[in-house]
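Taking it in order: structure first as C-alpha cells, then the write-up.
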Amino acid sequence: MLGLMQDWPLLCHRIIAHAAAIHGAQEVVTRSVEGPIVRTTYRQIHDRALQVSQVLTRDGIKLGDRVATIAWNTARHLEVWYGIMGIGAICHTVNPRLFPDQIAWIINHAQDRIVMTDITFVPILEKIADKLPSVERYVVLTERAHMPETHLKNAVAYEDWVAEADGDFRWKTFDENTAAAMCYTSGTTGDPKGVLYSHRSNVLHALMANTGDSLGANAADTMLPVVPLFHANSWGIAFSAPSMGTKLVFPGAKLDGASVYELLSTEKVTHTAGVPTVWLMLLQHMTANNLKLPHLRTVVCGGSAMPRSMIKAFLDMGVRPRHAWGMTEMSPIGTLAALKPPFAELAGEAGLDILQTQGYPPFGVEMKITDDAGKDLPWDGKTFGRLKVAGPAVAKAYYRVDADILDEDGFFDTGDVATIDAHGYMRITDRSKDVIKSGGEWISTIDLENLAVGHPAVAEAAVIGVYHPKWDERPLLIVQLKQGQNVSREEILKFMDGKIAKWWMPDDVAFVDGIPHTATGKILKTALREQFREYRFPNAAA
Ligand code: ADP
C-alpha cells in the first residue's frame, strides 16, 4: 500500500522560491569582482534567476543540457546557478585553478553549450576556446562598462544578456531524480571524473547540512562561504543557506587573510566555511594585527585535516571549530565533529581530542571500514580500514564512465583510510595511496603533519613515505617554515618526540620554500614524491 501524501518532487529551484517567499528581504552581500560591495536579496536573486531561465530557454537550452560556470562566489553566480537548474539544465561548476588543458578536457567531456565566466577567467578561456567546439556562447558575469574586449564566441555582458528577458516565466516541475549539477574531481592521477548530482540528492543534502550539529546556522545567522561554489556546491551552502534564510556574504575573488577578515568583521558574520589554508591566512593576519571577531561563532573547516593548533586557536577566540570531512562524490558532507553525549561538556585536551576527529555522519550518510578483502572491521577507535560510504547524496557512478564503483552492499570506497570509535566518531589517518607502510605496519602521514604544524616556527608540513632498505618505507617530514623563522631538524624532531609512537618518528626533515597544492587546496603529494624521488635517508645504509 502506498502512502497518501502529495507528490512534491525535491527540486533545487524550490529552495530559492522558498527563500524569496519567506525570507525575501534577507540580504546577499558580495565583494564584487569589479571591486565594490554589492547588496542584493533572496527575492532579487530569485527574480533574476527566473530571467536567466527565460533567456537560456530562448537560446535553446533545454532539459539535460550542460551550462558551465567558471566563477567566484558572487550573487550573480548564485542567480545563474538557480536559473540553469530551474529549467532542468545542468549547472557544471568548473574549477578555474585547474590547468587550462584540464579545463578544456572537462568542458569537452561535459559537452557544455554555454560558459558563464567572470572577467578574471576570460584570458584563460581565450587561450583554450579553439579547442571547445561544443561551446556556443560565452556570458561574462559583468556589466557593459567592465566588459573586456574579447574574441570569445558570441561573448555578451551578463547584465545585457539577462535584461533581454522580462522575468515573465515559470519554472517547470519534473522528476526529482533529474540531473541538476555536475562537478569534476580534481584528478591528481588520471583523468578528472564527473560527479552528477540530482535535484533530489542536492535537496536532501541541504536538509542534512541544516542541523545544529552540521553547519549549525539559522535564519538569524550570517554565513560566509570561503569554500567556492565550484568546490562541491560550496559544501552544500549554496542550497543550505537559502533553504534556511541565512544571510549570505560572498567574498568574490579576494580570499587572502585581510580581505576575508574585513568581510567577516564588517558584515558581522556568525558562520564561515573553508579549507585549512584559508584559516591559516586569517589567523596569521589577526595575530599580526591584534584583531578580534566578536560576532563569529562557528568555523567549518574541511577538505584537509584541521590541525590541532588551529582548533585550539579558534577555541581561544571563543569560536566553535567544526572539523568536517567529505568529498565531491558525497555532495560533499560525510562527517562533522560536533560534541555529542557523552562528550558534550568536554573541555581541555580531552575536548580537543574529539574536535580533532573528522566527526560523525549526519542522518543520510552510512559508513563502514573494511580490510582489503572487504571484511568489516571493528569500531574500536584503533583499527584502520578502508572507509566506505552509502547514502542518497553519494555517487553511484561517474558521468560517462562505464564502471561499477560500489561494492556488493552498495557502498562507495572513499579512498581514505580511517578508524571509527564506538560512538561513531571517524578519524581519517590517510589517503590509501599516501599511508606509509613501514615493516608491514601503517603510519599515518596526517597525524605526523598535524603534530609538526603545531611547532610555532612551522607554516606547513607534509609527510611522504621514502624507500628504506630495511623497513620498505619510512616517513620523511617536509617542512616550510614561517617567514623569518629558523629552526633545526633536531629541534623539530625533539618537539615531536614523546607525542607519537617511537617508530612513527620521521627519519629525516627536509626544509623547502613552498609546498605544492592541488586545485582544491590539498598538499600535492604526487609532486613531492617526484621531487624527493632520488632522496635517500642518511641512516639507511643499504
Ligand atoms: P573536496 O572537493 O571536498 O576537497 P575532494 O573530492 O577533492 O573533496 O577530496 C576529498 C578528499 O579530501 C577526501 O577523500 C579526503 O582524503 C580529503 N579530506 C577532506 N576533508 C578532510 C579532512 N577533514 N581531513 C582529512 N582529509 C580530508
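Values quoted throughout were computed directly from the atomic coordinates according to the rules given, and no laboratory measurement underlies them. This one's a predicted model, so the numbers in the text were calculated from it and none came from an experiment. Glycine also receives a Cβ, built like all others from the backbone with ideal geometry; neighbour counts cover every protein chain displayed.
Using Cα pairs closer than 8 Å and at least 6 residues apart in sequence, work out the relative contact order for the chain, in percent.
Working: 1141 pairs, mean separation 55.0, N = 542.
Result for the chain is 10 percent.
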query = List the aspartates and glutamates whose alpha-carbon lies under 19 Å from that of Lys522, not counting same-chain residues fewer than 8 positions away?
reply = Asp191, Asp256, Glu329, Asp416, Asp430, Asp434, Asp447, Glu449, Glu460, Asp513, Glu530
request  = Identify all lysines with a Cα-Cα distance to Lys292 below 23 Å; exclude those on the same chain that are fewer than 8 residues away in sequence.
outcome  = Lys247, Lys254, Lys268, Lys312, Lys482
query = Fewest first, what order do His285, His109, His77 take by the number of other Cβ atoms within 10 Å?
reply = His285, His109, His77
message = Quick check: from the Cα gyration tensor, does the chain come out rounded (a/c under 1.5), prolate or oblate?
response = prolate
remark   = Listed with the fewest Cβ neighbours within 10 Å leading, Asp213, Asp168, Asp430 appear as Asp168, Asp213, Asp430
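Near Val260, within a Cβ-to-Cβ distance under 15 Å, what is the net charge of the other residues, with Lys and Arg +1 and Asp and Glu -1?
Details: positive: Arg31, Lys254, Lys268, Lys292; negative: Asp256, Glu262, Glu267.
My count for the surroundings of Val260 gives +1.
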ask   = What's the FRET efficiency of Lys482 with Leu352 using the Cβ-Cβ distance as r and R₀ = 25 Å, to the nearest 0.05?
value = 0.65
Computed helical MRE - 222 nm, the chain, DSSP H runs ≥ 4 contributing -39500 (n - 2.57), nearest 500 = -8000 deg cm²/dmol
message = Using a Cα-Cα cut-off of under 16 Å, which lysines could be cross-linked to Lys382, ignoring same-chain neighbours fewer than 8 residues away?
response = Lys368
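For Asp168 and Asp413, compute 0.36 nm times the residue count separating them, minus their Cα-Cα distance, and round to one decimal in nm.
Working: separation 245, 0.36 × 245 = 88.20 nm, distance 4.60 nm.
Result: 83.6 nm gained on full extension.
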query = When DSSP beta bridges are limited to those with both residues in the stretch 12-200, what percentage is antiparallel, rounded to the nearest 5?
reply = 35 percent
request  = Among Gly385, Thr429, Val401, pick out the residue whose Cα is farthest towards the positive end of the charge dipole of the stretch 369-431, where Lys and Arg carry +1 and Asp and Glu carry -1 on C-beta, about the Cα centre.
outcome  = Thr429
query = When the dipole is taken about the Cα centre of the stretch 265-422, and only Lys, Arg (+1) and Asp, Glu (-1) are charged at their Cβ, what size is it in debye, to the nearest 20?
reply = 880 debye
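Could you tell me what percent of the DSSP beta bridges with both partners in the chain are antiparallel, to the nearest 5?
Working: 47 of 84 bridges.
Here the share of antiparallel DSSP bridges comes out near 55 percent.
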ask   = So what's the angle, to the nearest 10 degrees on a 0 to 90 scale, between helix 75-86 and the longest Cα principal axis of the chain?
value = 70 degrees
query = Which one of Pro361, Ile333, Ala350 has its Cα pushed farthest toward the positive end of the charge dipole of the stretch 279-420, where Lys and Arg give +1 and Asp and Glu give -1 at the Cβ?
reply = Ala350
remark   = Taking 0.36 nm per residue of separation between Lys292 and Arg536 and subtracting their Cα-Cα distance, the length gained on full extension comes to 83.3 nm
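What is the dipole size for the chain, taken about its Cα centre, with +1 at each Lys and Arg Cβ and -1 at each Asp and Glu Cβ, in debye to the nearest 20?
Values: 53 positive and 62 negative charges, 111 e Å.
So the dipole magnitude of the chain works out to roughly 540 debye.
Roughly how big is the stretch 416-475's charge dipole about its Cα centre, with Cβ charges of +1 (Lys, Arg) and -1 (Asp, Glu), in debye to the nearest 20?
Charge dipole, the stretch 416-475, about its Cα centre: 140 debye, nearest 20.
Looking at the stretch 168-305 only, what percent of DSSP beta bridges run antiparallel? Nearest 5 please. Mind showing how you got there, number by number?
Values: 5 of 14 bridges.
Close to 35 percent.
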remark   = Everything considered on the Cα gyration tensor (a ≥ b ≥ c; rounded for a/c under 1.5, else prolate if a/b is larger than b/c, else oblate), the stretch 436-531 must be described as oblate
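Please give the contour-minus-distance gain from Asp421 to Asn154: 0.36 nm per residue of separation, less the Cα-Cα distance, rounded to one decimal in nm. Don't jump to the answer; show the numbers that get you there.
On the way: separation 267, 0.36 × 267 = 96.12 nm, distance 5.62 nm.
90.5 nm is the gain from fully extending Asp421 to Asn154.
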task = Considering the options Pro506, Ala459, Tyr261, tell which one lies farthest towards the positive end of the dipole of the chain, charges being +1 on Lys and Arg and -1 on Asp and Glu at the Cβ, about the Cα centre.
result = Tyr261
Euclidean distance of C-alpha centroids, the stretch 287-310 and the stretch 221-280, integer Å = 13 Å
note = Gyration tensor on Cα atoms of the stretch 299-367, a ≥ b ≥ c root eigenvalues, a/c under 1.5 rounded, else prolate if a/b beats b/c, else oblate, says oblate
